[in-house]
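As structure tokens, the structure follows; a few thoughts come after it.
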């Protein structure tokens with residue numbers, strides 16, 4: 001099995017100005033604008049080599065986020081081609097071309113091939129402190145609309161049920177195969193008591209909630225949650241100080257001739 005890899009490479013292009021004094025007294029001072037490049041990584045102990053316009057800038061390693069490679073280039077360049085290659089075999093992971101190099105540019109590379117994520121985008125998040133959890137959800141749900149609304153609620157029974165009035169997070173219209181934004185949640189309340197969280201998702205277009213529909217069919221007016229932590233967080237336990245990726249999926253359940261699409265979570269990765 002291929003190792004699960006998460007690399008977030010950060011590229012900062014910081015505009016700066018350097019002045020060179022002319023050789024002869026009284027001549028004008030020539031000003032040349034430069035761009036400083038700083039490339040780092042955040043993730044597992046997987047090295048990537050970074051190239052700028054075909055020249056190796058250096059290697060970055062996710063296990064050591066303070067390790068950085070730096071360079072300076074003139075802003076007069078028409079473009080910068082930034083490429084990320086695997087250190088072990090030199091294979092290209094991803095590249096991009098930045099045109100008209102001016103001002104500040106910020107670029108993320110999120111590299112998680114086992115989760116089919118190899119892309120640039122604003123997905124970077126700092127690992128939470130030990131008093132918080134952080135979670136992102138994958139939409140792997142076969143609802144007809146292919147879009148879900150992700151919700152998180154405070155729970156009072158380990159995450160198995162919730163009250164809709166205690167919602168703490170919602171992201172609408174998460175497309176099939178996409179990951180939600182990361183959400184950070186405190187582990188304890190203001191009184192130091194542990195907080196249990198229940199996640200849920202519904203069809204964004206119809207509002208269908210299979211678990212809710214099943215409970216109503218058996219005479220229970222309750223909202224079934226997907227436990228994220230506490231005693232109920234078995235299949236999707238989110239641990240403090242970690243980044244957790246959870247897959248949302250459904251499985252059909254038939255009772256009394258009626259089929260319900262019951263919701264389930266499954267932890268994919270914890271970093």
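The values are calculated or read from the model by the stated rules, or taken from the named source; none is laboratory data. Quantities reported herein were computed from a predicted structural model and do not represent experimental measurements. In this analysis, Cβ positions are derived from the backbone assuming ideal geometry, glycine residues included, and neighbour counts consider all displayed protein chains.
Applying the selection to the stretch 178-209, what residues are touching a strand residue (DSSP E or B) at 6+ places or on another chain (Cβ under 7 Å) and free of Cβ contacts under 8 Å to residues at least 40 places away in the same chain?
Listed by number, the list holds a single entry, 194.
For the stretch 226-241, which positions are at pLDDT 85 or above and within 19 Å of the chain's Cα centre (by Cα)?
228, 238, 239, 240, 241, listed by residue number.
Quick one: would you say residue 138 is assigned to a strand (DSSP E or B), in the same structural domain as residue 250 (by TED's automatic domain parsing), at pLDDT below 90 and surrounded by 17 or more Cβ atoms within 10 Å (Cβ to Cβ)?
Yes; evaluated as a whole, the condition is true for this residue.
Run residue 214 past the list (1) within 19 Å of residue 155 (Cβ to Cβ); (2) at pLDDT below 90 and report the number of the one that doesn't hold.
Every condition holds for residue 214 apart from (2).
From the list 194, 220, pick out the single residue that is loosely packed, with under 13 Cβ neighbours inside 10 Å and farther than 16 Å from residue 130 by Cα.
Answer to the check: 220.
Please enumerate the residues belonging to the stretch 144-158 that are under 20 Å from residue 261 (Cβ atoms) and assigned to a loop (DSSP other than H, G, I, E, B).
144, 145, 146
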